[in-house]
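S.K.: Submitted below is the structure of interest, expressed as structure tokens.
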Amino acid sequence: MAYSIYPMAVADITLQVVRKPVKYLRIKIRPPEGRVQLSVPLEMDDEAVRCAVLSRMDWIRKQRLRFATVPKSKHLEYVSGEKVRFQGREYELNVVEQNGRPCAKLREPGRIDLCVKPGSNPDTRLNVLNDWYRQELKSAIPPLMNKWQRIMGVRLNEWRIKRMKTRWGTCNIRVKRIWINLELVKFPVQFLEFIIVHELTHLLEPSHNARFKTLMDSYLPDWRQRQKELKQSALRAAWVVNG
């Protein structure tokens, strides 16, 4: 069944309503501007939707205010002196123009050398950095994935990495494949571990119901705190846009 998407004005806020086959109404506040999106059951009429939104209006305004207080996003040009994130820390870029193979190298203290061909543009430099990010994340995932598969008694067929705008990870239960968001490489490893456990738990329980939360509690008791901190860290880091 095709989804129905349309705007709705409630008080002074314009919302995006997405009607689809779900059981409950869900409200999401999307970065970076605090756009409000509703997932609405097909049988729920618009008046009921408005009443539900009004009952949560204080919470909606509070969340939108959080986004409003974040410094405005700026695009990186990937030149020397700019700051980029890696595993929860900020590193200063040192761009080295050379004719050799483009690469990125972690240097201490607090520096990443970005080796690129002379005259390269920001998009090319970003691609070089993302290639390095991908290799670093590929190295970080296997120990955690293997550890938690043993603990949980589940087995994946494969896992992959890609950039995603709205999800930290996804799990295709039918083919037993997990996708991990490349952006996680920018945050502390404890958040990567949380996402891995979250997605592996879907092999035992497909939905986010009470059983899913009970399983998460048993495997990773502090998962709620990690989830909260990941959201906060992502919000604080949102002032830098990688294009």
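S.K.: Could you identify the single residue in Lys147, Lys138 that is within 30 Å of Leu200 (Cβ to Cβ), exposed (fewer than 14 other Cβ atoms within 10 Å of the Cβ) and charged (D, E, K, R)?
M.R.: Details: Lys138 fails: exposed (fewer than 14 other Cβ atoms within 10 Å of the Cβ).
Just a single option satisfies the conditions, and that option is Lys147.
S.K.: Only residues in the range 201-223 that are over 14 Å from Met152 (Cα atoms) and touching a residue at least 60 places away in the same chain (Cβ under 8 Å) count as the first member; pair them with residues that are among the aromatic types (Phe, Trp, Tyr) and surrounded by 12 or more Cβ atoms within 10 Å (Cβ to Cβ), Cβ under 8 angstrom, at least 6 apart or cross-chain, and list the lot.
M.R.: Listed by first residue and then by second, the contacts come to nothing, as the list is empty.
S.K.: Restricting the range 83-104 to residues that are in contact with a helix residue (DSSP H, G or I) (Cβ under 8 Å, 6 or more places away or on another chain) and under 19 Å from Leu137 (Cα atoms), which is surrounded by the most Cβ atoms within 10 Å (Cβ to Cβ)?
M.R.: Ranking the candidates gives Ala104 first.
S.K.: Checking Leu54 against (1) surrounded by fewer than 16 Cβ atoms within 10 Å (Cβ to Cβ); (2) in contact with a strand residue (DSSP E or B) (Cβ under 7 Å, 6 or more places away or on another chain); (3) aliphatic (A, V, I, L, M); (4) closer than 25 Å to Ser233 by Cβ, which single condition isn't satisfied?
M.R.: (4)
S.K.: For Val18, are the conditions met, namely being in contact with a Leu (Cβ under 7 Å, 6 or more places away or on another chain), surrounded by 12 or more Cβ atoms within 10 Å (Cβ to Cβ) and in contact (Cβ under 8 Å) with a residue 40 or more places away in the chain?
M.R.: No, not satisfied.
S.K.: Met152: of a type in the set (A, V, I, L, M), surrounded by fewer than 17 Cβ atoms within 10 Å (Cβ to Cβ) and within 30 Å of Val96 (Cα to Cα), yes or no?
M.R.: no
S.K.: From Trp179, Trp168, which residue is within 26 Å of Phe67 (Cα to Cα) and of a type in the set (A, V, I, L, M, F, W, C)?
M.R.: Result: Trp168 is the single residue among Trp179, Trp168 that is within 26 Å of Phe67 (Cα to Cα) and of a type in the set (A, V, I, L, M, F, W, C).
Every read-out reported here was derived from the displayed coordinates using simple, explicitly stated rules and does not represent laboratory data. Note that the structure is a prediction, hence the values are computed from the model and not measured. Quick reminder, even Gly has a Cβ in these numbers, built from the backbone with ideal geometry, and neighbours come from all protein chains shown.
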